[in-house]
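The values are calculated or read from the model by the stated rules, or taken from the named source; none is laboratory data. From a predicted model like this one, the values you see are computed outputs, not experimental measurements. Please note: Cβ atoms are built from the backbone with ideal geometry, for glycine as well, and neighbour counts cover all protein chains shown.
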Amino acid sequence: MPRILITGGAGFVGSHLAATALAANHQVHIVARPSSDISRLEKLGGQVERHRFDLRDDAELRRCLADIRPQIVFHLAASPRRREHAGLEDVHEFVREDLDNLILLLRRLGESRRPPSVVIRTGSLAEYGTAPPPHREEQREEPVTAYSAALVAATQLVSGIQARLPFPAITARLALVFGPAQSKDYFVPLLISRCLAGQEAVVLRPDDRRDFIFVDDVVTALLRLASVVGRKAGVINISSGVAPSMRKVAKLIVDLTEADPSLVKYSESSPASGAPHLCCSPELAGRLLGWRTSISLPDGLARTVQWYREQLECAAMPLSITGLQGAAPEQRI
């Protein structure tokens, strides 16, 4: 029964990963901040060991790693995209929270008497920025936001110190993940909720194209990646390789929710807030992992809509929002 540690384990992807790992007979431990909402883990009962502390707390981190002695580590804890500040406070926070946490975690794991067999951290297709699609792992990134630049910095840092680590550290660059239990801060669940509630919505930059992937496919890829302990997979895209326009995604959601199409407006003139076209090649994942997406975008959206129909009460939301794409950090890249 391999011991797995998931940082950010109470989050959207982390909770799905924890549930699937449990079903595969792994011993699962998660790290979550004391302030984190752990409601997504309630269905797992006491099967998951929960460690509530901030990753910046070195003493707690040392104690946790000594107690668990994890064999596989998934580092999913990361900040969403922040509102930009003129004084660059948002940039400083990315460094303070994400890079510092990553470095400290790698240090303490490297000092362990029994280091893990592999560490897998999640990045984002946002790292490629304006580089020509389809994005491949070997091409140079061209980030256009502080959020994507911070992710590139973390990816390059891990690659740069790999030879000094006693375990392979792999970056899984994820396409835009969606599925049941995702926060309504993000594009897909927010639009689904508004459509089910019969509320108006605005989609900014509807002709931007994004590579979407259902959460179950991501979890399958991450667990399979954990078995690839060679150092040849320093960075690997976990993606569908297909990038529909935001307009098309929105229209699929309108159809699946049976909402009035006139409720959803499309703003053609909204300013750019990231690269217009993000689409990753999944070829390397296919070669190394024998993996590819098994759930199409329409099927994944249908599953997600059904979940929200059953689980959410579609509470009233403010009618004045800064566009759905602008309200969703994963879409503003």
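Return yes or no: is Leu278 crowded, with 23+ Cβ neighbours inside 10 Å, within 22 Å of Gln162 (Cβ to Cβ) and either in contact (Cβ under 8 Å) with a residue 60 or more places away in the chain or not aromatic (Phe, Trp, Tyr) (or both)? It would help to see each step written out before you state the result.
Values: crowded, with 23+ Cβ neighbours inside 10 Å: yes; within 22 Å of Gln162 (Cβ to Cβ): no; either in contact (Cβ under 8 Å) with a residue 60 or more places away in the chain or not aromatic (Phe, Trp, Tyr) (or both): yes.
The answer is no for Leu278.
Which of (1) surrounded by fewer than 21 Cβ atoms within 10 Å (Cβ to Cβ); (2) modelled with pLDDT under 95 is the odd one out, the single condition Arg81 does not satisfy?
The number of the failed condition is (1).
What's the total number of residues in the range 146-161 that are surrounded by fewer than 20 Cβ atoms within 10 Å (Cβ to Cβ) and over 15 Å from Ala172 (Cα atoms)?
Within the range 146-161, residues that are surrounded by fewer than 20 Cβ atoms within 10 Å (Cβ to Cβ) and over 15 Å from Ala172 (Cα atoms) number 4.
Looking only at the range 242-275, which residues are loosely packed, with under 14 Cβ neighbours inside 10 Å, touching a strand residue (DSSP E or B) at 6+ places or on another chain (Cβ under 9 Å) and either assigned by TED's automatic domain parsing to the domain that holds Pro143 or hydroxyl-bearing (Ser, Thr, Tyr) (or both)?
none
Among the residues of the range 66-89, write down those that are touching a strand residue (DSSP E or B) at 6+ places or on another chain (Cβ under 8 Å) and of a type in the set (A, V, I, L, M).
Result: Ile68, Ile72, Val73, Leu76, Ala77, Ala78.
Within the range 114-128, restricting attention to residues that are in contact with a Phe, Trp or Tyr (Cβ under 7 Å, 6 or more places away or on another chain) and of a type in the set (A, V, I, L, M), which residue is nearest to Ser273 (Cα to Cα)? Quick ask: steps written out before the conclusion?
To start, the set of residues in the range 114-128 that are in contact with a Phe, Trp or Tyr (Cβ under 7 Å, 6 or more places away or on another chain) comprises 115-120, 126.
Retained after the next criterion (residues that are of a type in the set (A, V, I, L, M)): 118-120, 126.
Numbers: Val118: 35, Val119: 32, Ile120: 29, Ala126: 11 Å.
Here the residue is Ala126.
Residue by residue through the range 274-290, note down the ones that are part of a loop (DSSP other than H, G, I, E, B) and either over 28 Å from Tyr308 (Cα atoms) or touching a Gly at 6+ places or on another chain (Cβ under 6 Å) (or both). Full working, then the answer.
Here is the first cut: in the range 274-290, the residues part of a loop (DSSP other than H, G, I, E, B) are 274-276, 279, 281-282, 290.
Result: Gly274, Ala275, Pro276, Ser281, Pro282, Gly290.
Results for (1) farther than 30 Å from Lys43 by Cα; (2) at pLDDT 95 or above; (3) assigned to a loop (DSSP other than H, G, I, E, B), shown as yes or no for each residue.
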residue: Thr155; (1), (2), (3): yes, yes, no
residue: Ala172; (1), (2), (3): no, yes, no
residue: Val177; (1), (2), (3): no, yes, no
residue: Pro180; (1), (2), (3): no, yes, yes
residue: Asp185; (1), (2), (3): no, no, yes
residue: Val188; (1), (2), (3): no, yes, no
residue: Leu191; (1), (2), (3): no, yes, no
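With the condition kept exactly as written, say whether any residue in the range 62-70 is of a type outside the set (A, V, I, L, M), in contact with a helix residue (DSSP H, G or I) (Cβ under 6 Å, 6 or more places away or on another chain), buried (at least 17 other Cβ atoms within 10 Å of the Cβ) and assigned by TED's automatic domain parsing to the domain that holds Pro168.
no
Regarding the range 130-139, can at least one residue be identified that is part of a strand (DSSP E or B), buried (at least 21 other Cβ atoms within 10 Å of the Cβ) and not small (Gly, Ala, Ser)?
Keep residues of the range 130-139 that are part of a strand (DSSP E or B), which gives 135.
From what's left, buried (at least 21 other Cβ atoms within 10 Å of the Cβ): 135.
Then drop every residue that is not not small (Gly, Ala, Ser), which leaves 135.
Yes - at least one qualifying residue is present in the range 130-139.
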